[in-house]
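So the structure is just underneath, and the comments pick up after that.
The values are calculated or read from the model by the stated rules, or taken from the named source; none is laboratory data. All values reported here derive from a predicted model rather than from experimental measurement. Here Cβ is always computed from backbone atoms with ideal geometry, including for glycine, and neighbour counts include all displayed protein chains.
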Amino acid sequence: MSVLALAQLMVLLDATVINIALPRAQMDLHFSSGNRQWIVTAYALSFGSLLLLGGRLSDLWGRRTALYVGLAGFALASALGGAANSFTMLVTARAIQGAFGALLAPAALAALTVTFHEPKERAKAFAIYGAIGGSGAAIGLLLGGALTQWASWRWCLYINLVFAIVAVIGVALFVEGGRTEHRTRLDALGTVLASGGLFFVVYAFGHAVTSSWTDPLTWGSLSLGTVLLVIFVFWQARSKHPLLPLRVVTNRTRAGSFVALLLTSMSVYAVFLLLSYYLEETLGYSPLRAGFAFLPIVIAITLSASFASARLLAVTGPRPLVPTGMVLSMMGMVLFTRLSPLPDYAGHVLPGLIVLGLGLGLVFAPAFASATAAVEPRDAGAASAMVNTSQQIGGSLGTAILNTIAVTVTTRALEHPGTNDATVTSATIHGFSVAFWWAAGFFGAGALISFLLLESGNPTAAGELAPAG
């Protein structure tokens with residue numbers, strides 16, 4: 001469990017750990033502010049577009065082999081990035097990190113899925129995994145701030161070598177192979193369609209953040225990606241060796257879990273972005289202080305997942321837990337709409353972090369568990385890849401939508417004459433507030449959908465889950 005949690009933490013950390021280090025890296029490598037976004041985008045593009053392939057490879061190669069390859073490749077790419085002496089070298093390293101992360105993340109979750117079968121032990125395992133899944137981004141901000149301030153931005157990448165060495169030893173000692181017994185081939189056409197479709201969709205969302213939704217490259221990439229994914233779905237129904245067997249997604253509980261993770265990730269990743277802006281730009285926090293400011297949500301998620309999900313999931317199933325977590329998360333977002341230009345962290349930031357963290361602990365662990373419950377061992381990698389894909393697409397989409405809303409509302413508020421520093425601050429906070437209301441709406445929709453689709457009771461007790469519809 002510790003080994004798999006560490007592998008998952010590596011992947012999640014690197015989605016955010018580099019963010020705080022970017023200004024220092026920019027000064028050191030002398031690249032423009034316009035190119036800064038590519039350090040983040042390169043990782044997201046390769047990670048998001050290759051997840052389904054990575055999940056299927058873990059089914060074909062076996063969990064242990066996939067974890068070895070993923071950990072070794074991720075560590076080497078991190079070393080390359082830490083030693084980068086140019087912008088091109090750093091971007092290349094981040095893209096390679098994302099590619100091996102796309103193999104590592106599904107393999108870790110698949111290994112967890114096929115290792116723990118007894119309901120109470122399974123609930124505990126997924127509670128730990130869910131706590132990391134919900135707090136990984138916040139831990140990344142905290143670790144990134146600490147490493148950047150106390151050591152160097154390069155250690156935001158070098159730290160993965162330490163994680164990888166420990167994890168490789170753990171894989172050798174504790175993780176079983178898990179190779180599928182069914183003779184099958186890799187679906188080449190499905191791989192091209194899925195990877196291409198996900199690449200263009202993720203790129204469109206990232207491009208919308210830096211340009212606009214009306215930019216031809218944004219909607220052109222989104223349209224092309226959507227068409228490729230639609231063709232991919234039709235091909236999977238005909239392929240003899242599908243990359244994503246449709247049996248993985250055509251049941252109520254797994255479909256509900258994927259949707260819950262998608263909507264939750266839409267809100268959570270954008271919140272970390274907006275709150276980071278608020279703490280650093282409005283309240284004037286240093287990167288390290290901003291990272292520590294997110295510590296309460298990590299604690300709240302851990303407590304919620306450990307005590308609620310671990311104790312209740314095996315008894316109640318996901319249906320009572322996930323909608324309740326969604327409602328709590330929605331309430332946390334509503335609390336964030338009260339942000340003020342006054343430096344009152346305890347009154348305006350802390351309550352929202354605690355309530356949101358308690359809610360997320362009730363969402364992630366049950367959703368991870370039910371998304372992979374009763375799945376055939378030969379499909380564990382594919383199901384795990386869909387979990388990670390839902391999170392990646394949700395994070396990219398949410399960041400694009402909520403960032404666009406915040407910027408648009410702020411811009412409109414500043415169109416009036418007589419603008420001064422106080423007006424700019426008020427307009428910025430108003431933009432954040434509107435974005436948080438939208439995030440609350442995403443959680444509200446997630447509560448309703450998860451209540452309608454998820455089932456009560458232990459999802460592994462009754463064998464295969466019910467079909468969708």
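Residues of the range 31-41 that are surrounded by fewer than 22 Cβ atoms within 10 Å (Cβ to Cβ) and within 29 Å of Leu109 (Cβ to Cβ): Gln37, Trp38, Val40.
Give the residue that is nearest to the chain's Cα centre (by Cα), with candidates limited to residues of the range 139-180 that are of a type in the set (Ser, Thr, Tyr) and modelled with pLDDT under 90.
Here is the first cut: in the range 139-180, the ones of a type in the set (Ser, Thr, Tyr) are 148, 152, 158, 180.
After this cut, where a residue has to be modelled with pLDDT under 90 as well, the list is 148, 152, 180.
Values: Thr148: 23, Ser152: 25, Thr180: 27 Å.
Here the answer is Thr148.
Within the range 369-388, does at least one residue satisfy the condition of being assigned to a helix (DSSP H, G or I) and without any contact (Cβ under 8 Å) to a residue 60 or more places away in the chain?
Looking for residues that are assigned to a helix (DSSP H, G or I) and without any contact (Cβ under 8 Å) to a residue 60 or more places away in the chain, one finds none in the range 369-388, hence no.
The listed residues are Ser86, Ser78, and the only one of them that is of a type in the set (Ser, Thr, Tyr) and surrounded by fewer than 24 Cβ atoms within 10 Å (Cβ to Cβ) turns out to be Ser86.
Among the residues making up the range 1-30, those that are surrounded by 19 or more Cβ atoms within 10 Å (Cβ to Cβ), not in a helix (DSSP H, G or I) and not polar (S, T, N, Q) are Val17, Ile18, Ile20, Ala21.
For the range 432-452, the criterion of being modelled with pLDDT under 80 and surrounded by fewer than 18 Cβ atoms within 10 Å (Cβ to Cβ) is met by no residue.
All conditions but one from (1) under 30 Å from Val407 (Cβ atoms); (2) at pLDDT below 90; (3) not hydroxyl-bearing (Ser, Thr, Tyr) apply to His241; the one that does not is (1).
Note on the range 245-273: among residues that are surrounded by fewer than 24 Cβ atoms within 10 Å (Cβ to Cβ) and touching a Phe, Trp or Tyr at 6+ places or on another chain (Cβ under 9 Å), the one that is farthest from Phe368 (Cα to Cα) is Phe272. Taking residues in the range 212-224 that are in the same structural domain as Val407 (by TED's automatic domain parsing), and partners anywhere that are surrounded by 16 or more Cβ atoms within 10 Å (Cβ to Cβ) and charged (D, E, K, R), not one pair has Cβ atoms closer than 8 Å while being at least 6 places apart or on different chains. Looking across the range 41-84 at every residue that is touching a Lys or Arg at 6+ places or on another chain (Cβ under 7 Å) and not charged (D, E, K, R), the one that is farthest from Asp187 (Cα to Cα) is identified as Gly82.
Whether any residue in the range 46-65 is outside any helix (DSSP H, G or I), in contact with a Gly (Cβ under 9 Å, 6 or more places away or on another chain) and farther than 25 Å from Ala83 by Cα is what I want to check. There is at least one residue in the range 46-65 that is outside any helix (DSSP H, G or I), in contact with a Gly (Cβ under 9 Å, 6 or more places away or on another chain) and farther than 25 Å from Ala83 by Cα.
Might you check whether a residue that is surrounded by fewer than 20 Cβ atoms within 10 Å (Cβ to Cβ), of a type in the set (Val, Ile, Thr) and over 27 Å from Ile297 (Cβ atoms) occurs anywhere in the range 144-163? Looking for residues that are surrounded by fewer than 20 Cβ atoms within 10 Å (Cβ to Cβ), of a type in the set (Val, Ile, Thr) and over 27 Å from Ile297 (Cβ atoms), one finds none in the range 144-163, hence no.
Among the residues of the range 98-127, those identified as among the charged types (D, E, K, R) and either crowded, with 24+ Cβ neighbours inside 10 Å or in a helix (DSSP H, G or I) (or both) are Lys120, Glu121, Arg122, Lys124. Take Thr419 and decide whether it is outside any loop (DSSP other than H, G, I, E, B) and either at pLDDT below 90 or among the acidic types (Asp, Glu) (or both). In short, no.
Going through (1) more than 18 Å from the chain's Cα centre (by Cα); (2) at pLDDT 90 or above; (3) in a helix (DSSP H, G or I) one by one, Arg338 falls short only on (3). Suppose the filter is assigned by TED's automatic domain parsing to the domain that holds Leu147, assigned to a helix (DSSP H, G or I) and within 20 Å of Thr425 (Cα to Cα); does Phe272 pass it? It is true that Phe272 is assigned by TED's automatic domain parsing to the domain that holds Leu147, assigned to a helix (DSSP H, G or I) and within 20 Å of Thr425 (Cα to Cα).
Pick from Thr92, Thr16: which is among the polar types (S, T, N, Q), assigned by TED's automatic domain parsing to the domain that holds Leu147 and under 16 Å from the mean Cα position of the chain (by Cα)?
After applying the criteria, what remains is Thr16.
Of the residues making up the range 304-319, not a single one is in the same structural domain as Trp437 (by TED's automatic domain parsing), surrounded by fewer than 21 Cβ atoms within 10 Å (Cβ to Cβ) and not in a helix (DSSP H, G or I).
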